Amino acid sequence: MAPHFTQVTIIGVGLIGGSLGMILRGKGLAAKVVGVGRRIENLRTAVELGAIDRYVIDPKEGVKDADLVVLATPVDTYERHLTEWASCLKPGAVVTDVGSVKGRLVEQAERAMPAGVYFVGAHPIAGKEKTGVAAGSDQLFMGARCIITPTTTTNQQALKQVTAMWQETGSVVLTMDAHLHDKILGAVSHLPHVAAFALINALVEIRDQQIPALDLATHSGGGLRDTTRIAASSPEMWRDILLWNRDNVVTFIEAYERSLGQLKQLIRVGDAAGIEKELERARQEREKLTAQLALSTQ
């Protein structure tokens, strides 16, 4: 049975929050969707696009009548938000989020909940490099995974409501320990973003200091575009993700450095057989990944 909320308040009506609002309104899962944000222009756009019914600037005003509050702001803002308005939530309200880091943030959010108010951590893995509600879509979550991170103290009714809501968006819902989530996403999402950001910055350094004639747009092909697409992601959002998951990310960067160093050494000494072996190992793993991804979308 689809969840139905009298009021859902979305704090941060960007790509994820805005897309969720479009679905909630479009499928009649919420009688009213209220947006809270920093920029009036973006909130007006959200109304025009059908992501929210109305907006308010004061989050205390926005959450006081909400059955469900969705935190869709950068993860570093969670503590400030919850400190500001958690006490305004009505009994029985549920708070959830869409953050790419869980672990300590889930523990922190649970501690901030007043008696009779419940938090359920969630992470829809459905972003794109474009940000803002104008990039939103009611199809954004279709077929995407959404990881729910309950704890031993999570209210079961609240968990059912949040799970059902994400299933209604078309997401494939999984449950996972919050700290395990951060290890896994640190490896398969956070590390690739670090690599893409660093690669673009390295190419800029090469252009500026070694090859003045280098034009990244003119001289590059599909390989560079594919490899660095995610470097166009929000710096504000990724700054916070990397800092909140820093222990895992640093460990995985070190593994990447070892792999890169191994390949650098093979190239330096001209070890053709060693280079081919490394590249073949990577090619086989990439083909396995491609096959697994194809199966998962069938």
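The values are calculated or read from the model by the stated rules, or taken from the named source; none is laboratory data. Predicted model only: the values in this text are computed from it and were never measured. Here the Cβ is made from the backbone with ideal geometry for all residues, glycine too, and neighbour counts use every protein chain on show.
List of remarks:
- Answer from THR218, THR169, THR154 - the residue that is surrounded by 15 or more Cβ atoms within 10 Å (Cβ to Cβ), more than 17 Å from the chain's Cα centre (by Cα) and among the hydroxyl-bearing types (Ser, Thr, Tyr): THR154
- Pairs with Cβ under 8 Å, 6+ apart, first in segment 194-212 and without any contact (Cβ under 8 Å) to a residue 60 or more places away in the chain and loosely packed, with under 14 Cβ neighbours inside 10 Å, second not aromatic (Phe, Trp, Tyr) and not in a helix (DSSP H, G or I): ILE206/LEU214
- Of the criteria (1) surrounded by fewer than 18 Cβ atoms within 10 Å (Cβ to Cβ); (2) charged (D, E, K, R); (3) at pLDDT 95 or above, which one ARG39 fails: (3)
- Out of LEU180, LEU191, sole residue that is of a type in the set (A, V, I, L, M), at pLDDT 95 or above, part of a helix (DSSP H, G or I) and under 17 Å from VAL98 (Cα atoms): LEU180
- The residues in segment 67-107 that are closer than 21 Å to ARG39 by Cα and small (Gly, Ala, Ser) can be counted, and the count is 2.
- Looking across segment 231-262, the residues that are part of a helix (DSSP H, G or I) and either touching a Gly at 6+ places or on another chain (Cβ under 9 Å) or among the hydroxyl-bearing types (Ser, Thr, Tyr) (or both) come down to MET237, ASP240, ILE241, TRP244, ASP247, ASN248, VAL249, THR251, PHE252, TYR256, SER259, GLN262.
- Scan of segment 261-298 for residues that are of a type in the set (A, V, I, L, M, F, W, C) and farther than 30 Å from ALA178 by Cα, ordered by number: LEU263, LEU266, ILE267, VAL269, ALA272, ALA273, ILE275, LEU279
- Matching residues in segment 12-33 - criterion: being among the β-branched types (Val, Ile, Thr) and either surrounded by fewer than 24 Cβ atoms within 10 Å (Cβ to Cβ) or more than 17 Å from ASP58 (Cα to Cα) (or both): ILE16, ILE23
- Test: residue in segment 14-24 that is hydroxyl-bearing (Ser, Thr, Tyr) and over 20 Å from the mean Cα position of the chain (by Cα): no
- If the condition is being within 19 Å of ALA144 (Cβ to Cβ) and either without any contact (Cβ under 8 Å) to a residue 24 or more places away in the chain or part of a helix (DSSP H, G or I) (or both), then segment 263-298 contributes LEU289, THR290, GLN292, LEU293, ALA294, LEU295, SER296, GLN298.
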